[in-house]
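Below: one structure, written as structure tokens.
The values are calculated or read from the model by the stated rules, or taken from the named source; none is laboratory data. Here the structure is a predicted model, which means the values were calculated and not measured. So basically every Cβ, Gly included, is an ideal-geometry build from the backbone, and we count neighbours across all protein chains shown. Accessible surface is based on the protein model in full, side chains and every heavy atom, while ligands, DNA and RNA are left aside. Shrake-Rupley method; radii C 1.70, N 1.55, O 1.52, S 1.80 Å.
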Amino acid sequence: MDSVIVHYQEIALKGRNRPWFVERLVRNLRDATAGLDVVRVRPLMGRIELLLGPAADWNAVRERVGRIFGIANFARARRTDRGLEELAAAVIRDLGGGAGGATPAAANGGATRFRVRASRADKSFPHTSPEIEREVGGRIKAACGWRVDLRDPDVDVRVEVLADRAYYSLERHPGLGGLPSGASGHAMCLLSGGIDSPVAAYRVMRRGCRVRFVHFHAYPILSSASQEKVREIAALLTRYQLASRLYVVAFGELQQRVVVSAPPPLRVVLYRRLMMRIAERLARRAGARALVTGDAVGQVASQTLDNLAVVGEVVRLPVLRPLVGFDKDEITREARALGTYATSIIPDQDCCTLFTPRNPATRARRDEVERAEAALPIGEMVDAAVARAERQDFVFPEPGRR
């Protein structure tokens, strides 16, 4: 097999803008497979082909292509002539002529069951898709002695006929769907290092946004463990969007000033409002057009509808909360599938737990929050935090692995 055929679904609905989305996906595939002897990545008729060189490692290619947003499915494929005899002969050779080789064993212990599914991107081809399926399938049956099963085959042969060539594949892999990374602009995610915010970032990334990250820590009051976790999570998420930027903001001193001046029940809301102001300032500096949080309604005291409203009103950028209707079990399942869960549950000292009152307000009112903030130099605090923010960039694949 010398090619990978990539299919997209949502992009196909983009009308006159489709070429732009396809080119973005082509560019992301080139970047993701750098260093794997992928000779060429190019758009074809409604699909994309990756031409593999002799040194290409299929397992490595499959892993990287499987993490690229915008792909409905992909398959390792072989190019061949469009003649049905030549096409069927090539398929039979790759199937081992029925003698084993690359052919999977029959699930029921009897004759191998197979089916052929065909599609014509070139409608001028003289044979219809059902005719291609019958002709190629008949030759496979005669050569291999297998049984046709259209519902639950052991071998699923896919044939695609284009203008000047045909492709066939024997195994198809699901893609992540969504839109290509970078197609929808940039967003800034408040990344805590817990379970929720990485999943929220991933869901926005899947919609084509390239997500920046900002993490608030209380070092040296608390340990630096949360920073180490967040860097690991940012590196993992970069494997999906290929380039990331992380801002790390010292927040402990600001919390101390809040503790001295504000009523205990309002501390958490005041922390969150400060974080949102700082995140918005960094977002605008980075060209991001929205903020992203891992909030889910009612999960903790700061995430009641009343508190979410009071916290969100201090910023003008849209605040995206992709997990707002999820429960903890749903979020945890997604974190496990994403691969961030194991890092997120490593014990650390999160700044959100620093100086947290025993009974935080669950229905903070704007007037009382604004009175508490009036005793604080909010603008000065935000300016200082932004000025001290540390930045780290991540890329995948790393230069040494290309």
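The table that follows gives values for the structure above.
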| read-out | value |
| --- | --- |
| Test: residue in segment 311-319 that is open to solvent by 10 Å² or more (accessible area, probe 1.4 Å), in contact with an Asp or Glu (Cβ under 9 Å, 6 or more places away or on another chain) and part of a strand (DSSP E or B) | yes |
| Contacts under 7 angstrom Cβ, first residue in segment 271-293 being farther than 15 Å from residue 215 by Cβ, partner in a loop (DSSP other than H, G, I, E, B) and of a type outside the set (A, V, I, L, M, F, W, C), 6 or more apart | 289/185; 290/318 |
| Subset of segment 287-323 that is modelled with pLDDT under 95 and among the β-branched types (Val, Ile, Thr) - its residue that is nearest to the chain's Cα centre (by Cα) | 297 |
| Selection count where residues are in a loop (DSSP other than H, G, I, E, B) and more than 21 Å from residue 31 (Cα to Cα), scope segment 215-245 | 7 |
| Any hit, segment 155-167, residues being closer than 27 Å to residue 6 by Cα, β-branched (Val, Ile, Thr), open to solvent by less than 30 Å² (accessible area, probe 1.4 Å) and within 15 Å of the chain's Cα centre (by Cα) | no |
| Single match in 212, 245 (criterion: touching a Cys at 6+ places or on another chain (Cβ under 8 Å), closer than 15 Å to residue 389 by Cα and open to solvent by 10 Å² or more (accessible area, probe 1.4 Å)) | 212 |
| Of all residues in segment 35-73 being part of a strand (DSSP E or B) and open to solvent by 40 Å² or more (accessible area, probe 1.4 Å), the one that is nearest to residue 20 (Cα to Cα) | 43 |
| Pairs, first without any contact (Cβ under 8 Å) to a residue 40 or more places away in the chain and at negative phi in segment 50-66, second of a type in the set (A, V, I, L, M) and assigned to a loop (DSSP other than H, G, I, E, B), C-beta under 7 Å, six or more apart | 56/36; 57/36; 60/36 |
| Breaking point among (1) of a type outside the set (A, V, I, L, M); (2) open to solvent by 10 Å² or more (accessible area, probe 1.4 Å); (3) over 23 Å from residue 120 (Cα atoms), for residue 28 | (2) |
| Selection count, segment 340-367, where residues are of a type in the set (Val, Ile, Thr), modelled with pLDDT of 95 or more and exposed (fewer than 12 other Cβ atoms within 10 Å of the Cβ) | 0 |
| Hey, residue 337 over 30 Å from residue 39 (Cβ atoms), open to solvent by 30 Å² or more (accessible area, probe 1.4 Å) and more than 30 Å from the chain's Cα centre (by Cα) or not | no |
| Residue check, residue 124 assigned to a loop (DSSP other than H, G, I, E, B), among the small types (Gly, Ala, Ser), modelled with pLDDT under 95 and farther than 19 Å from residue 90 by Cα | yes |
| Candidate set from segment 293-310 (those that are outside any helix (DSSP H, G or I) and of a type in the set (A, V, I, L, M, F, W, C)); member that is nearest to residue 188 (Cα to Cα) | 296 |
| Residue that is under 20 Å from residue 77 (Cβ atoms), of a type in the set (D, E, K, R) and in contact with a helix residue (DSSP H, G or I) (Cβ under 8 Å, 6 or more places away or on another chain), where the choices are 160, 135 | 135 |
| In segment 1-18, residue nearest to residue 163 (Cα to Cα) [restricted to those that are in contact (Cβ under 8 Å) with a residue 24 or more places away in the chain and assigned to a helix (DSSP H, G or I)] | 12 |
| Residue in segment 317-329 that is without any contact (Cβ under 8 Å) to a residue 12 or more places away in the chain and farther than 16 Å from residue 373 by Cβ present | yes |
| Unmet criterion (only one of (1) under 19 Å from residue 391 (Cβ atoms); (2) open to solvent by 20 Å² or more (accessible area, probe 1.4 Å); (3) among the aromatic types (Phe, Trp, Tyr)) for residue 202 | (1) |
